[in-house]
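The values are calculated or read from the model by the stated rules, or taken from the named source; none is laboratory data. Since this is a predicted model, take the numbers as computed values, not measurements. Cβ coordinates were reconstructed from backbone atoms using ideal geometry, including for glycine residues, and neighbour counts include every protein chain displayed. To get the accessible areas, we keep the full protein, side chains included, count just its heavy atoms, and leave off ligands, DNA and RNA. Shrake-Rupley method; radii C 1.70, N 1.55, O 1.52, S 1.80 Å.
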Amino acid sequence: MKSKKLLTIASFLAVATTAEAAEVNKIDISGLQRVEKETVLSYVNVKPGDDVNSERLNDAFKKLYTTGLFSDISFDIKGDVLKITVEENPIINKRFFDGNDKVDDKMLESEVQLAPRSIYTTAKVQEDVQRILNIYKRVGRYAATVEPKVIKRDQNRVDLIYEIDEGPLAKITKINFVGNEHYSDSDLQGEILSKETRWWRIFSSSENYDPEKSNYDKELLRRFYNNRGYADFRVISSVAELSPDSQSFVITTVLEEGVRYKIKSIDIVSEIPDMNTDGLSDSLNIEVGDWYDASKVEKSVYSLTDEIGKRGFAFVEVEPELNKDMKTGEMKITFKIKEGARVFINRINIIGNTRTYDEVIRREFRINEGDAFNAAKIRASRRNIENLNYFSKVDIQTVPTSDDSKADINVNVTEKSTGYFNVGIGYSTVNGALIRTGVTENNFMGKGQQLGFDVGISERVQDYNINFTEPYFMDRPLAAGIDLFKSESDYQDEASYDEDTMGGRIRLGWNYTDDLSQSVRYTLRQDEIKNVSPSASIYIQNQEGEYVGSIFGQTLYYDKRDNAIDPKEGYFLSFGNDVAGAGGDEKYLKFDAKAYWYTTFYDYYTLKMFINGGYIAGYDGESVRLSQRYFLGGSTMRGFDSAGIGARDKYTEDALGGNWMIYSGAEMIFPIGLDEVGIKGRTFVDVGMLGKPDDVSYKIVEYSDTPRVSVGFGFSWLSPMGKIDIDFGFPVVKEKYDETEVFRLNFGTSL
């Protein structure tokens, strides 16, 4: 077809050059089937009686050819007759996609331009082929191929078939970082969306290469460093190299960390007359002596803007000015308050949310329609929407309207999967062989609700849990939820009994600030002590039976950690208490407190210090039952067996628990060269004390409230099945009746 066109053009030019200035009195057109003669004449723009030269014919040829109606065009002048011969492009009768299993027809149809009853041209076919390939690149299939096939039909019609070989997903085989001196490759990989291919990521798309995701990774790296003091950080380049077989990528990111800055001074300066800045510093989220943190500076801008608005200044802009000294690593921050443009928000438009309700997004906005335009509040709104973790992309744009005093806010979001399925198998020295599986949906039915189901089965413990959380109860920022639970536990080794527990809990939580939060709860549970051995302690035999607990409780949290999953700096505090007795068989008061502190030396060595304490006491003549007492040992006192510390029957050696507990220690976490797979080493010192129950006699019970001490080392692995701890503990201070163990393998999470 292409060679035919070239010959036609060449022949036309040869004719055209000979026709210097011929008068045309008649125009003959041949080859038309669907196109009207008048259509051709309108493009040729030659009438009988006109003089025709080569330039005019050349222009006519170009106009006809660019219509896309014809595959072949020729001109011939004989005497005073202009003869035009055309061959029409065929019409597409039907269009098919064949071989597309991973991308549905609707997505392909929305992208390609050739459709049934449209005019077929090879140029448009090639454009559509490229469009289809681009779709497959967006879903990570760079090895995809598309071959167009044409089947001729009568009446100059054709069936067009795109034969597609989708090929495999292009995986990320390696992610390299160059220039990172203070954080390891594994630290940085933990912050970005793209992940290296691993066998356990069979249910994840994070290992599939996506250019948009890689671009967002640059922003995540910038936030990571900026929030840890590195205000000069920048990504110099990020290159994705495609393998020769188009089936895998190697991503290399070159970065420059820069200097880490500590805040030397903070000032607030107003350029608005009559504005008093006294008291505004109380709204800041940062302090002198802190490491620079871009997120806290941004929150301070929002808090200042909000406080200034309460004082009657609606149109303001707060700009942080950073004065950095690269030699000393010190920074002076000046918050400059300026008068902003007098613009109001007209409409907030949500675009791209096919599943998530508009309300879920709108309630995260810190600015409403009709409010004064405020850039700080818009940035805070975007951060809130991103933190929902429902969207892979959040883009907020300000759009002017016909009214200069108003502006629209367009929020463009791209939804992502919010459901998670997990399954794990393993072995624990406490519970033996185990399997755990669960399903969690964090955006249930697009309403922002969380629904989860979890099952764990091992040789000694079986537990079942269902939970539901509504994050905006009664259209307020109150997280309301309900939990249903059931467990069956075998304590024959420790205390010669089994325990079944079932019940439910309703809860309500809220935030006072970004760091301070509180939750209240009501729990109704039934505990059954059963299968008590005839040789068990008399104090355990007396506990056999079913008991119902009706419990009200609350917990106050203060969290200043830099990361809740893998903290390196900061501290965490909590205080809670429970009251049982509003119905049921249990009557007790319970108090618990926790404190954790983290600091990191030389970027990779993290020191963790902690202390936990608890106290429980019965009232109205009731004793604290076995299922509510404290036990120490195992994962809560390494080097000692589960329930290995505390009061113990002299004759049966059954553990009886205690009414109060103190457990503290220190732990140093360090790299061992296995950062890529998430394994770190640690050394530790544990100190613990356990009080005796209030209903036992010293005559038949061995008990001492002296502190126990153990030291040891271990390893932590953030595996695809969850956190796995391996510890070797060695008691240094213990009582002769305590039960010890050196090795412990534990599955689970901890602070």
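What's the total number of residues in the range 141-183 that are outside any strand (DSSP E or B) and closer than 23 Å to SER206 by Cα?
Qualifying residue count, the range 141-183: 11.
Can you run down the residue pairs with Cβ atoms below 8 Å, 6 or more apart or on separate chains, where the first is in the range 507-528 and more than 21 Å from ILE551 (Cβ to Cβ) and the partner is open to solvent by less than 50 Å² (accessible area, probe 1.4 Å)? Partner pairs satisfying both residue conditions: ASN511/SER517; TYR512/GLN518; ASP515/ASP559. Within the range 632-664, being in contact with a Gly (Cβ under 6 Å, 6 or more places away or on another chain) and part of a strand (DSSP E or B) holds for LEU632, MET637, PHE640, ILE645, GLY658, TRP660, MET661, ILE662, TYR663.
Counting only strands (runs of 3 or more DSSP E) wholly contained in the range 415-527, no element carries 3 or more residues that are in contact with a Phe, Trp or Tyr (Cβ under 8 Å, 6 or more places away or on another chain) and of a type in the set (Ser, Thr, Tyr). Selection of the range 603-629 for residues being outside any strand (DSSP E or B), without any contact (Cβ under 8 Å) to a residue 60 or more places away in the chain and either more than 18 Å from ASP695 (Cβ to Cβ) or among the charged types (D, E, K, R) (or both) yields ASP620, GLU622. For the range 285-308, which positions are buried (at least 18 other Cβ atoms within 10 Å of the Cβ), part of a helix (DSSP H, G or I) and not basic (Lys, Arg)? Scanning the range 285-308 gives ALA294, VAL297, GLU298, SER300, VAL301, TYR302, SER303, LEU304, THR305, ILE308. Exactly one residue out of ASP274, ASP232, ASP245 is outside any strand (DSSP E or B) and free of Cβ contacts under 8 Å to residues at least 24 places away in the same chain, and it is ASP274. Looking across the range 116-139, the residues that are outside any loop (DSSP other than H, G, I, E, B), farther than 22 Å from ASP245 by Cα and either among the hydrophobic types (A, V, I, L, M, F, W, C) or open to solvent by 80 Å² or more (accessible area, probe 1.4 Å) (or both) come down to ILE119, ALA123, LYS124, VAL125, GLN126, GLU127. In the range 593-602, the qualifying residues are those that are part of a strand (DSSP E or B) and not aliphatic (A, V, I, L, M), and the one that is least open to solvent (accessible area, probe 1.4 Å) is TYR598. From the list ARG355, ARG379, exactly one residue is open to solvent by 50 Å² or more (accessible area, probe 1.4 Å) and in a loop (DSSP other than H, G, I, E, B). Which is it? Testing whether each residue is open to solvent by 50 Å² or more (accessible area, probe 1.4 Å) and in a loop (DSSP other than H, G, I, E, B) leaves just ARG355. Across the range 386-426, the number of residues qualifying as hydrophobic (A, V, I, L, M, F, W, C), modelled with pLDDT under 85 and touching a Lys or Arg at 6+ places or on another chain (Cβ under 9 Å) comes to 2. Residue-level analysis places ILE538 among those that are within 30 Å of GLU741 (Cα to Cα), of a type outside the set (S, T, N, Q) and surrounded by fewer than 15 Cβ atoms within 10 Å (Cβ to Cβ). Only one of the numbered conditions (1) within 30 Å of ILE151 (Cβ to Cβ); (2) buried (at least 16 other Cβ atoms within 10 Å of the Cβ) is not met by ILE77, and that is (1).
Of all residues in the range 387-399, those that are touching an Asp or Glu at 6+ places or on another chain (Cβ under 8 Å) and part of a strand (DSSP E or B) total 6.
The listed residues are ILE457, ILE466, and the only one of them that is hydrophobic (A, V, I, L, M, F, W, C) and at pLDDT 95 or above turns out to be ILE466.
From the list ASP210, ASP165, ASP159, which one is open to solvent by 20 Å² or more (accessible area, probe 1.4 Å) and out of contact with any Leu (no Cβ under 9 Å at 6 or more places or on another chain)?
Numbers: ASP210 fails: out of contact with any Leu (no Cβ under 9 Å at 6 or more places or on another chain); ASP159 fails: open to solvent by 20 Å² or more (accessible area, probe 1.4 Å).
After applying the criteria, what remains is ASP165.
Checking each residue in the range 665-694 for being open to solvent by less than 30 Å² (accessible area, probe 1.4 Å) and assigned to a loop (DSSP other than H, G, I, E, B) picks out GLY678, GLY691, PRO693. Give me a count of the residues in the range 172-203 that are touching a Pro at 6+ places or on another chain (Cβ under 9 Å), among the small types (Gly, Ala, Ser) and either modelled with pLDDT of 90 or more or over 19 Å from TYR602 (Cα atoms) (or both). Here the count works out to 0.
For the range 140-156, taking the residues that are open to solvent by less than 60 Å² (accessible area, probe 1.4 Å) and not small (Gly, Ala, Ser), the one that is nearest to the chain's Cα centre (by Cα) is identified as ARG141.
Going by the conditions given, is ILE367 aliphatic (A, V, I, L, M) and outside any helix (DSSP H, G or I)?
On the way: aliphatic (A, V, I, L, M): yes; outside any helix (DSSP H, G or I): yes.
Yes, satisfied.
For (1) under 25 Å from THR401 (Cβ atoms); (2) assigned to a strand (DSSP E or B); (3) touching a Phe, Trp or Tyr at 6+ places or on another chain (Cβ under 8 Å); (4) at pLDDT 90 or above, each residue gets a yes or a no:
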position	(1), (2), (3), (4)
GLY312	no, no, no, no
GLU321	no, yes, yes, yes
LYS327	no, no, no, yes
LYS332	no, yes, no, yes
ALA341	yes, no, yes, no
ILE350	yes, yes, no, yes
GLU359	yes, no, no, yes
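A count restricted to the range 530-548 and to residues that are on the phi < 0 side of the Ramachandran plot, touching a strand residue (DSSP E or B) at 6+ places or on another chain (Cβ under 6 Å), in contact (Cβ under 8 Å) with a residue 24 or more places away in the chain and not hydroxyl-bearing (Ser, Thr, Tyr) stands at 4.
Return yes or no: is TYR558 surrounded by fewer than 17 Cβ atoms within 10 Å (Cβ to Cβ), in contact with a strand residue (DSSP E or B) (Cβ under 9 Å, 6 or more places away or on another chain) and over 27 Å from LYS486 (Cα atoms)? Yes: the conditions hold for TYR558. Determine whether the range 649-664 contains at least one residue that is in contact with a Leu (Cβ under 7 Å, 6 or more places away or on another chain) and open to solvent by 10 Å² or more (accessible area, probe 1.4 Å). The answer is yes; a qualifying residue exists. Look at the range 121-133: where a residue is on the phi < 0 side of the Ramachandran plot and a partner is assigned to a helix (DSSP H, G or I) and open to solvent by less than 40 Å² (accessible area, probe 1.4 Å), sitting 6+ places away or on another chain with Cβ atoms under 7 Å, you get ILE132/LEU108.
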